[in-house]
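Right, one structure below, let's go through it.
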Amino acid sequence: DGSAGGPLGTFGAPKPGQPTQLTLDRSIQIAADGALTGVAQEASLVVVQPSTGRILAVANSASASGDIALEGQYPPGSTFKIVTATAALADGSRTPATPIACPGTLPINGRIYENQDQFDLGQVDLRTAFARSCNTSFITLGTTLPTTALPSAAEALGVGAPAEWSLPVDAFTGSVPGPDSATRRAETSSGQGNVLMSPLAMAMAAAAVQSGRPIS
């Protein structure tokens, strides 16, 4: 009605905050921001120190819809071959020198999977198939593994960590549901289907491989 109201509240005496220790490295963070300057697409970059698990830089392009580096949920694609290779080597029946076919295309349950531009390496070792990112080799591996192998390997690399690596901010640690069919195993082994990862989750998985232990 235009008349002055009563006080809504009063401020107490200020209290000092708690010191916060960041693991970000200033020079690396500046370099990460610079790398995404001018990138028109949604893009992000995460730098992790494998020996300590420290996150040294987190950057997003100007067009990114939020903090996709930490919270994004995307099919990881060929980067997921890190997890598939881990699963394939876990039982000791394969080594990096184990031979495997890398055809240009591969039929699975009526669907045709292919390499980029259908490149065909013939018979190679697992190390070469990984280095050349041969989709058909890793789909072959994925469809011969037990249904629990890929989720277990992902978990061993820290994917889906329930504590979110003890970060004080929101982050998506990844999701790898158990594939329930040969087609789903084919999709999962190549980082497609219902597999979802954040850039941070894949950086942590790569760091776990480098360090030989899950990052916490």
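The values are calculated or read from the model by the stated rules, or taken from the named source; none is laboratory data. Only a predicted model underlies this, so the values are computations on that prediction, with no experimental measurement involved. Counting neighbours? That spans all protein chains shown, and the Cβs are built from the backbone with ideal geometry, glycine included. Heads up: the accessible areas ignore ligands, DNA and RNA and are worked out on the full protein's heavy atoms, side chains in. Shrake-Rupley method; radii C 1.70, N 1.55, O 1.52, S 1.80 Å.
What is the mean projected area of the alpha carbon convex hull for the stretch 68-136, to one decimal in square nanometres? List each step's numbers first, then the result.
Details: hull surface 24.4 nm².
Taking a quarter of the hull surface, the average projection is 6.1 nm².
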In whole Hz, what ³J(HN,Hα) sequence does the stretch 44-53 give by Karplus (6.51, -1.76, 1.60; θ = phi - 60°), x for Gly and Pro? 8, 8, 10, 10, 10, 8, x, 5, 10, x
Taking H as built 1.01 Å from N, whose amide H comes closer than 5 Å to the amide H of LEU196, not counting residues under 5 places away? SER175
Write out the trypsin sites (Lys or Arg not before Pro) in the stretch 1-86 meeting two conditions: DSSP loop, and at most 16 other Cβ atoms within 10 Å of their Cβ. ARG54
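Ranked from highest to lowest mean number of other Cβ atoms within 10 Å per residue, what is the order of the peptides 14-25, 179-190, 88-99, 59-70? Please list the in-between numbers first.
Working: 14-25: 7.9, 179-190: 21.2, 88-99: 13.1, 59-70: 17.0.
Taking the mean over residues of other Cβ atoms within 10 Å, the ranking is 179-190, 59-70, 88-99, 14-25.
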The ³J(HN,Hα) series, computed from each phi in the stretch 118-134 with the Karplus coefficients 6.51, -1.76 and 1.60 at θ = phi - 60°, rounded to the nearest Hz and given as x for glycine or proline, is 6, 5, 10, 9, x, 8, 9, 8, 4, 4, 5, 4, 5, 4, 8, 6, 7
Cα long-axis angle, helix 26-36 against the chain (0 to 90 degrees, to the nearest 10): 70 degrees
Local net charge near SER65, Cβ-Cβ under 14 Å (Lys/Arg +1, Asp/Glu -1): -3
Calculate the dipole size of the stretch 28-119 relative to its Cα centre from +1 charges on Lys and Arg beta carbons and -1 charges on Asp and Glu beta carbons; express the result in debye to the nearest 20. 300 debye
Could you derive backbone 3J(HN,Hα) for the stretch 107-112 from the dihedral phi with the Karplus parameters 6.51, -1.76 and 1.60 (θ = phi - 60°), listing whole Hz in sequence and x where the residue is Gly or Pro? x, 9, 6, x, 9, 10
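What does the charge add up to near ALA32, with Lys and Arg as +1, Asp and Glu as -1, over the other residues with Cβ less than 12 Å from its Cβ? Provide the component values of the computation, followed by the final result.
Details: positive: ARG26; negative: ASP25, ASP33.
Within the 12 Å Cβ shell, the charges total -1.
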For the pair ALA31 and THR105, the simple spin-label estimate (label points 7 Å beyond Cα toward Cβ) gives in nm 4.4 nm
Would you kindly find the accessible area of ARG111, with a 1.4 Å probe and non-protein molecules such as ligands, DNA and RNA excluded, rounding to the nearest 10 Å²? 110 Å²
Grab the DSSP H runs of the chain that are 4 residues or longer, score each as -39,500 (n - 2.57), total them, divide by all residues and round the 222 nm result to the nearest 500 deg cm²/dmol. -9000 deg cm²/dmol
Counting sequence-distant residues (5 or more places) and residues on other chains, those with an amide H built under 5 Å from that of LEU56 are VAL47, VAL48, GLN49
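Rounded to the nearest 20 debye, what is the charge dipole size of the chain about its Cα centre when +1 sits on each Lys and Arg Cβ and -1 on each Asp and Glu Cβ? Could you put the intermediate results ahead of the total?
Values: 11 positive and 16 negative charges, 113 e Å.
The dipole magnitude comes to about 540 debye.
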For the chain: accessible area per residue (Å², 1.4 Å): 55 Å²
Return the long-range amide H neighbours of CYS102 (sequence gap of 5 or more, or a different chain), with a cut-off of under 5 Å between placed amide H atoms. LEU121, GLY122, GLN123, VAL124
Debye calculation, C-alpha points only, no solvent: report log10 I(q)/I(0) for the stretch 1-71 at q = 0.17, 0.23, 0.24, 0.28 Å⁻¹, in the same order as the q values. -0.71, -1.04, -1.08, -1.22
Hey, what angle do you get for helix 81-90 against the long axis of the chain, alpha-carbon based, 0 to 90 degrees rounded to 10? 60 degrees
